[in-house]
Amino acid sequence: MQAVFLDYKTVDSGDLDLSPISDLLPELIVYENTKNEEIAERIKFAEIIIINKIDLDASLLSKAQNAKLICLVATGTNNVDLVSAKSLGIAVCNIKNYCTDSVVQHVFLSILALQHSLLDYQISLDQGAWQNSALFSLLNHPIAELRAKKLGIVGFGVLGSGVAKMAENFGMKVLIAESLDKNRVQKNDASHRINFNELVKESDFISLHCPLTDRTEKLFNQPVFAAMKNNAFLINTARGALIEDEDLILAIKNKEIAGAAIDVFDEEPPPLDHPLIRESFHNLIITPHIAWAAVEARQRALECIAENIDAFLKDKPINVVNA
């Protein structure tokens with residue numbers, strides 16, 4: 001069966017084993033990356049298309065003459081026109097629960113770094129403040145314990161649940177926002193949820209794990225930042241467009257919030273003049289979309305793709321998102 005992996009380099013930096021997929025698909029053609037103008041030609045005869053961040057709209061899908069299955073190396077599906085794929089008889093499968101531990105680690109890496117003023121202390125060390133001090137310990141920047149702090153979680157799926165569990169190990173109080181999708185059935189009904197506006201006002205940290213929808217796009221904007229505690233921090237490992245970037249910068253400058261850790265951008269990679277890149281703040285941690293990227297998580301992603309392909313080849317498809 002002819003198959004293509006259009007952007008393999010986005011998953012594997014040379015440290016993964018592709019055999020779970022290649023053993024199932026001996027005719028698999030692997031491309032490190034694919035430019036927009038190359039997509040149509042590369043998918044023209046493929047029966048199985050594997051992608052991570054490649055966009056497949058209705059026009060491109062119509063050119064995939066033999067396509068039967070699209071495998072996403074991600075949980076999110078917004079880069080594929082699901083309706084068009086279904087009308088063309090193309091199943092689209094995603095993967096789930098492959099990077100929970102990696103994301104949870106990154107969230108708390110961010111929380112701990114901000115709570116311990118890690119960047120500030122690194123700067124002080126680089127400037128010789130400790131070396132020139134008469135004291136054994138620098139106390140130039142604030143440090144506080146996490147115990148009894150309130151962590152607000154927006155988006156309480158597998159990732160949000162994992163973050164909540166870890167927060168409880170630190171003795172934090174977890175606040176869970178009510179679903180912003182009024183048509184969606186609430187999950188984890190045993191967990192007490194509160195109104196989003198109440199969560200924003202009460203939380204010492206807010207961690208985002210919700211999908212990007214019309215309702216959540218630019219959810220964190222000037223009025224929301226103004227409502228947050230001025231000693232609160234925002235952590236975003238979900239989608240860049242959940243935040244109005246210029247408003248975040250102003251909130252940090254004006255000390256409406258204490259800082260933020262951002263791992264995802266509305267455009268990736270971001271241009272050099274991106275609002276979050278063009279200025280540097282000691283209380284703004286920027287990472288290049290790596291929360292998900294532990295080697296174990298990326299290998300697990302390939303194995304999940306292999307499971308989807310194997311099930312499809314056996315005519316027992318799983319994880320189909322456009323059924």
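Just so it is clear, none of the values below were taken in a lab; they were calculated from the coordinates. As the structure is a computational prediction, the values presented were derived from the model and not from experiment. Glycine also receives a Cβ, built like all others from the backbone with ideal geometry; neighbour counts cover every protein chain displayed.
All conditions but one from (1) free of Cβ contacts under 8 Å to residues at least 60 places away in the same chain; (2) crowded, with 16+ Cβ neighbours inside 10 Å apply to residue 288; the one that does not is (2).
Here residue 229 does not qualify as exposed (fewer than 14 other Cβ atoms within 10 Å of the Cβ), in contact (Cβ under 8 Å) with a residue 24 or more places away in the chain, out of contact with any Pro (no Cβ under 8 Å at 6 or more places or on another chain) and part of a loop (DSSP other than H, G, I, E, B). Yes or no: residue 318 in a loop (DSSP other than H, G, I, E, B), within 16 Å of residue 75 (Cβ to Cβ) and of a type in the set (Val, Ile, Thr)? So residue 318 fits the description; yes. For residue 238, the test of being of a type in the set (A, V, I, L, M), crowded, with 17+ Cβ neighbours inside 10 Å, out of contact with any strand residue (DSSP E or B) (no Cβ under 7 Å at 6 or more places or on another chain) and under 30 Å from residue 16 (Cα atoms) is failed. When the range 1-38 is filtered for residues that are within 25 Å of the chain's Cα centre (by Cα), surrounded by fewer than 14 Cβ atoms within 10 Å (Cβ to Cβ) and in a loop (DSSP other than H, G, I, E, B), the ones remaining, listed by number, are 13, 14, 15, 17, 32, 33, 35.
Looking across the range 39-52 at every residue that is outside any strand (DSSP E or B) and surrounded by 13 or more Cβ atoms within 10 Å (Cβ to Cβ), the one that is farthest from the chain's Cα centre (by Cα) is identified as 44. On the stretch given as the range 232-262, residues that are assigned to a loop (DSSP other than H, G, I, E, B) and in contact (Cβ under 8 Å) with a residue 40 or more places away in the chain total 4.
What about residue 300, is it under 20 Å from residue 200 (Cβ atoms), within 20 Å of the chain's Cα centre (by Cα) and in contact (Cβ under 8 Å) with a residue 12 or more places away in the chain? So residue 300 fails the test. Residues of the range 116-144 that are over 15 Å from residue 281 (Cα atoms) and either outside any loop (DSSP other than H, G, I, E, B) or in contact with a Gly (Cβ under 7 Å, 6 or more places away or on another chain) (or both): 125, 126.
When 265, 312 are checked against the criterion of being not in a loop (DSSP other than H, G, I, E, B) and not aliphatic (A, V, I, L, M), a single residue qualifies: 312.
Which condition number does residue 267 fail, the rest of (1) free of Cβ contacts under 8 Å to residues at least 40 places away in the same chain; (2) buried (at least 22 other Cβ atoms within 10 Å of the Cβ); (3) charged (D, E, K, R) being met? Against the list (1) free of Cβ contacts under 8 Å to residues at least 40 places away in the same chain; (2) buried (at least 22 other Cβ atoms within 10 Å of the Cβ); (3) charged (D, E, K, R), residue 267 comes up short only on (2).
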